[in-house]
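Reading through the structure tokens given below for one structure.
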Amino acid sequence: MLYGYLQLPWWGYVLVALALTHVTIVTVTLFLHRCQAHRALDMHPLVQHFFRFWLWLTTGMVTKEWVAIHRKHHAKCETPEDPHSPHVYGIGKVMLEGAELYRAESLRPETMEAYGHGTPDDWLERHLYSRHNFMGVTLMAFIDAALFGVYGIVIWAVQMLWIPFWAAGVINGLGHYRGYRNYETTDGSTNVSPIGIIVGGEEMHNNHHAFPSSAKFSMRRWEFDIGWMYIRLLQAFGLALVKKVAPRPVIVADKDKLDAETARAVVVGRLHLMANYARQVMLPVLREELHKADDSCRRLLKRGRRALVREESRMDERTRARLADALESCESLNTVYQFRLRLQALWSRTQATDKLLGSLQEWCTQAEASGIRALQDFARELRGYSLGKTVVSGRV
């Protein structure tokens, strides 16, 4: 009995621990995050009940509490009201005490009232999962000990630490502190890679903050969202319905006239548009100017490189000063940067479609007359913008 009913080689216990924690992270990303918090998909009631039971058994987390805290995080991101921002609390506290920050926020009735709506409220939730949320993890401890003996206690400890470390710590901490950004959102979200299998696709945190209601987190060809793989598998068996994925603008080659579809693609796909502008205009012009610049000017341009594509609201004074020095040293770079700000301003104010089209037309005309080839090419391409398919069909 010291070693339980199932005696395995050492690597067998490792595989068991990884399998159990993997089911837990899949439950968090599919059920709590994508289904409940953001309503990006619906799942068959039996699948949802399994996920609710597994959360109760392995984490003790209450669905309403997790959902409310996460929704508030999006609504108040990187402000003093954000429940777990490393820019407010510090990276060390979020990494090491992320679970404590969750618990503190869960005790705020106003948070639960404002952000916890629409979560399960049946008999099981009221009388077992929420009321006796720590009974499940206690039961899990007995199950692990009975099956694997003393090794089972270690497996249980790993299970208890998995979500607090990887989700509450790494994703909420590093995912807003270090990593790469596909999209210049107004928050500090980043993509932390490559740890996708461990955290179920949640490592693509910047992608998620750019398109919160998307059921799919991966955006680039080389990004792999294992959570999306499981969603598609559930779809294949009729157990899931994907309600929305991120809009992705497409370029219609023979379209050279701005129309209502162009305006819609520009507004809905604005983060894609600005990412394309950075890759197709800002960076090529910067490389060209670096090639021509003398040593002193080259230093200024290199120091201001990152600021050129950064969201203005995320800049500190030092970054703003480096950007100003780089723009002052190079006229063409300043020109494309000002065009970037003007393009970004088009959707930051409310405009009727006809006025937006007029503003876009003026922007394209002036860009094509700028004499800067990268900017001219982008303006011509902008006329062909349209929206691709945004909903993946499925059924429950």
Self-check item: Computed label-point distance, nm, for sites Phe134 and Ser213 using a 7 Å Cα→Cβ extension
Solution: 3.9 nm
Quiz item: Quick one: if the Förster radius is 45 Å, what FRET efficiency do Ile143 and Arg221 give, using the C-beta to C-beta distance and rounding to 0.05?
Solution: 0.60
Exercise. Could you grab the relative contact order for the range 254-396? Cα pairs under 8 Å, six or more apart, rounded to a whole percent.
Key: 39 percent
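Normalising by the residue count of the chain, find the relative contact order in percent from Cα pairs under 8 Å and 6+ residues apart.
Numbers: 579 pairs, mean separation 72.9, N = 396.
Reported as a whole number, the value is 18 percent.
Note down the magnitude of the dipole of the chain about its Cα centre, charges +1 on Lys and Arg C-beta and -1 on Asp and Glu C-beta and zero elsewhere, to the nearest 20 debye.
On the way: 48 positive and 40 negative charges, 123 e Å.
That gives a dipole near 600 debye.
Please compute one quarter of the surface area of the Cα convex hull for the range 154-211 and express it in square nanometres.
Working: hull surface 15.8 nm².
About 4.0 nm², averaged over all directions.
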Quiz item: Say each of Thr319 and Arg380 gets a label point 7 Å from the Cα, pointing the same way as Cα to Cβ; how far apart are those two points in nm?
Solution: 3.4 nm
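Given the DSSP H assignment, sum -39500 (n - 2.57) over each helix run of at least 4 residues in the chain and divide by its residue total; what's the result at 222 nm in deg cm²/dmol, nearest 500?
Details: 19 runs with 213 residues, N = 396.
It comes out at -16500 deg cm²/dmol, rounded to the nearest 500.
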Quiz item: Which of Thr335, Tyr151, Val199 sits farthest toward the positive end of the charge dipole of the chain, with +1 on the Cβ of Lys and Arg and -1 on the Cβ of Asp and Glu?
Solution: Thr335
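Hey, how much of the P(r) for the range 103-224 falls beyond 23 Å, as a percent of Cα pairs?
Values: 3846 of 7381 pairs.
The calculated P(r) of the range 103-224 puts 52 percent of pairs beyond 23 Å.
What is the calculated FRET efficiency for Leu341 to Tyr230, with r their C-beta to C-beta distance and R₀ = 30 Å, to the nearest 0.05? It would help to have the intermediate numbers written out before the result.
Values: r = 41 Å, r/R0 = 1.36.
Approximately 0.15, to the nearest 0.05.
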Exercise. Anything over 31 Å Cα to Cα? Flag those among Lys76/Lys244; Lys76/Lys302; Lys64/Lys243; Lys72/Lys244; Lys216/Lys355; Lys64/Lys244, in the order listed.
Key: Lys76/Lys302; Lys216/Lys355
Quiz item: If you build a Gaussian network model of the chain, linking Cα atoms that sit under 10 Å apart, which residue out of Asp316, Asp325, Asp121 swings the most?
Solution: Asp316
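Using a 1.4 angstrom probe with every protein chain in place, what is the largest-first accessible-area order of Phe165, Phe217? All intermediate terms of the calculation are to be shown ahead of the outcome.
Numbers: Phe165 95, Phe217 5 Å².
The ranking, largest first, comes out as Phe165, Phe217.
Note the full-extension length gain between Ser370 and Asp354 as 0.36 nm times their separation in residues minus their Cα-Cα distance, in nm to one decimal.
Working: separation 16, 0.36 × 16 = 5.76 nm, distance 2.44 nm.
Once the chain is fully extended between Ser370 and Asp354, it gains 3.3 nm.
Give a quick list of trypsin sites (Lys or Arg not before Pro) in the range 294-396 that DSSP marks as loop, anything other than H, G, I, E or B, with at most 12 other Cβ atoms within 10 Å. Don't jump to the answer; show the numbers that get you there.
Details: sites: Arg298, Arg299, Lys302, Arg303, Arg305, Arg306, Arg310, Arg314, Arg318, Arg320, Arg322, Arg340, Arg342, Arg349, Lys355, Arg373, Arg380, Arg383, Lys389, Arg395; in loops: Arg305, Arg310, Arg349, Arg383, Lys389.
Sites meeting the loop and neighbour criteria: Arg349, Lys389.
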Quiz item: Taking the Cα atoms of the range 214-293, what is the range of coordinates along each of the three principal axes, in descending order and whole Å?
Solution: 58, 32, 20
Quiz item: When the accessible area of the chain is computed with all protein chains present and a 1.4 Å probe, what percentage of it is carbon and sulfur?
Solution: 58 percent
Practice problem: State the dimensionless ratio Rg/Rh of the range 292-394 (Rg: radius of gyration of Cα atoms; Rh: Kirkwood radius). | Solution: 1.06
Quiz prompt | Cα pair distances in the chain, grouped into 20 Å bins until the bin that holds the longest one, percent each | solution = 24, 50, 23, 4, 0
Quiz item: Which Rg and Dmax, in Å, describe the Cα atoms of the range 28-142?
Solution: 14.4, 42
Quiz item: Highest GNM mean-square fluctuation, the chain, Cα pairs closer than 10 Å: which of His33, His117, His87?
Solution: His117
Quiz item: Using a Gaussian network model of the chain with C-alpha springs under 10 Å, which one of Ala40, Ala246, Ala104 is most mobile by mean-square fluctuation?
Solution: Ala104
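Could you work out how much longer the chain between Ala104 and Arg303 gets when fully extended? Use 0.36 nm per residue separation minus the Cα distance between them, nm to one decimal. Could you put the intermediate results ahead of the total?
Values: separation 199, 0.36 × 199 = 71.64 nm, distance 4.07 nm.
Length gained between Ala104 and Arg303: 67.6 nm.
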Quiz item: When the scattering of the range 195-349 is computed by the Debye formula from its Cα atoms alone, each counted once and equally, what is log10 I(q)/I(0) at q = 0.16, 0.18 Å⁻¹?
Solution: -1.03, -1.14
Quiz item: Roughly what would the spin-label model give for Ile195 and Leu18, points 7 Å off Cα along C-beta, in nm?
Solution: 1.6 nm
Self-check item: Mean separation of Cα contacts under 8 Å (6+ apart) over length of the range 302-342, as relative contact order %
Solution: 39 percent
Quiz item: Hey, could you pull the Cα Rg and Dmax for the range 222-261, both in Å?
Solution: 16.1, 43
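Given 0.36 nm per residue, what is the gain on full extension from Tyr3 to Tyr180 after removing their alpha carbon distance, in nm?
Full-extension gain reported as 59.2 nm.
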Self-check item: Binned Cα-Cα distance frequencies in the range 49-116 - 10 Å width, integer %
Solution: 21, 48, 27, 4
Quiz prompt | In the range 38-94, GluC sites (Glu not before Pro) in a DSSP loop with at most 15 other beta-carbon atoms within 10 Å | solution = Glu81
Self-check item: For the chain: accessible area per residue (Å², 1.4 Å)
Solution: 50 Å²
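The values are calculated or read from the model by the stated rules, or taken from the named source; none is laboratory data. These figures come from a predicted structure and were not determined experimentally. Reconstructed Cβ throughout: ideal geometry from the backbone, glycine too, with neighbour counts over all protein chains shown. SASA here: full protein model, heavy atoms, side chains in, ligands and nucleic acids out. Shrake-Rupley method; radii C 1.70, N 1.55, O 1.52, S 1.80 Å.
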